[in-house]
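One structure is given here, and the rest of the page talks about it.
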Amino acid sequence: MRNLLKILYAYHFLILFIVLESLSLILILENNQFQRAKFIQFAQSVSGNLYGNIDNFKAYLSLKEANKVLASENVNLRNKLEAIHKVEREKKDTLIDKYYKQRYTYMSARVINNSVNKQYNFITLNKGSRDGVIQDMAVISPSGIVGVVEGVSENYATVLAVLNRNFKVSAKIKKNNYFGTLSWNGLNSEICVLSDIPHHVKIAKGDTIITSGFSNMFPEGIQIGIIDDFDLKEGNFYTIKVKLSNDFRSLNFVTLIDNLIRKDQFQLEKKTAHD
């Protein structure tokens with residue numbers, strides 16, 4: 001204790017200076033929008049570079065697993081391409097023009113920071129605006145949905161994760177196409193809740209839940225998870241617990257999806273809502 005007092009006495013002017021400087025900086029940032037924006041931009045750049053360096057080290061240690069994921073994705077893509085070619089060969093005379101119009105573009109990225117233990121979890125990716133990333137792009141992994149791009153800087157992007165209480169997406173039961181709203185209640189990193197499914201719908205544990213396609217970000221049919229449990233809410237609607245197919249604790253590579261006609265759809269729906 002005596003040594004601590006000696007140190008404080010010896011450096012009390014320096015400590016006072018640091019405290020006053022910190023208070024001045026806080027006051028400036030609290031009362032000046034321009035300086036606050038510049039500070040946030042600087043902080044994002046510094047944290048992005050830090051996450052990038054940490055991620056490079058992690059990537060070096062997990063090259064075997066990363067290659068395994070990439071190989072699996074390549075196999076899946078080859079199978080999907082083959083299925084498309086098969087349909088084109090078998091139904092060449094009946095295909096209409098819409099099959100040749102590209103609606104979505106895809107981009108790969110790597111997770112360099114992630115959280116699962118908060119109420120409002122975000123994910124940081126190693127790609128940004130200079131790579132073509134824009135706000136509201138859907139983010140998926142080989143196992144299922146991950147989230148939606150929330151913020152974008154030149155070199156990095158932040159993703160509003162499924163494990164965020166502000167995240168919502170239209171989802172449906174694969175076997176019967178009944179749809180509702182999927183959200184996270186902040187209790188379990190493996191479980192989300194599907195609501196608005198009426199009580200007369202026949203459901204069972206193990207039923208597959210996928211994206212409905214009603215969102216202007218996620219294509220139809222993206223895997224979400226399976227029904228883990230359910231009960232009736234006030235006798236009219238089910239409260240369905242969905243076990244997520246993604247393990248958010250081990251995310252590595254993800255795919256970003258851009259809906260090329262999202263703007264057109266959004267403007268039409270907005271106009272219709274105001275008419």
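Six or more apart or on different chains, Cβ under 6 Å: which pairs go from a residue in segment 142-169 that's in contact (Cβ under 8 Å) with a residue 12 or more places away in the chain and under 18 Å from GLY52 (Cα atoms) to one that's among the acidic types (Asp, Glu) and surrounded by fewer than 24 Cβ atoms within 10 Å (Cβ to Cβ)? Could you list them?
Going by the 6 Å Cβ cut-off, the qualifying pairs are THR158/GLU150.
Take segment 231-250 and flag every residue that is assigned to a loop (DSSP other than H, G, I, E, B) and at pLDDT 90 or above.
Residues satisfying the conditions are SER245, ASN246, ASP247.
Collect the residues in segment 177-200 that are in contact with a Gly (Cβ under 7 Å, 6 or more places away or on another chain), among the charged types (D, E, K, R) and in a loop (DSSP other than H, G, I, E, B), keeping them in residue-number order.
None - no residue of segment 177-200 is in contact with a Gly (Cβ under 7 Å, 6 or more places away or on another chain), among the charged types (D, E, K, R) and in a loop (DSSP other than H, G, I, E, B), so the list stays empty.
Considering each of ASP207, ASP228 in turn, give the residue that is within 25 Å of ASN252 (Cβ to Cβ), modelled with pLDDT of 95 or more and surrounded by fewer than 20 Cβ atoms within 10 Å (Cβ to Cβ).
Matching residue, one of ASP207, ASP228: ASP228.
For VAL146, all conditions in the list (1) within 14 Å of the chain's Cα centre (by Cα); (2) among the hydrophobic types (A, V, I, L, M, F, W, C); (3) part of a loop (DSSP other than H, G, I, E, B) hold save one; what is the number of the exception?
Failing condition for VAL146: (3).
The values are calculated or read from the model by the stated rules, or taken from the named source; none is laboratory data. Because the structure is a prediction, the values reported are computed rather than measured. Cβ: placed from backbone, ideal geometry, glycine included. Neighbour counts: every protein chain shown.
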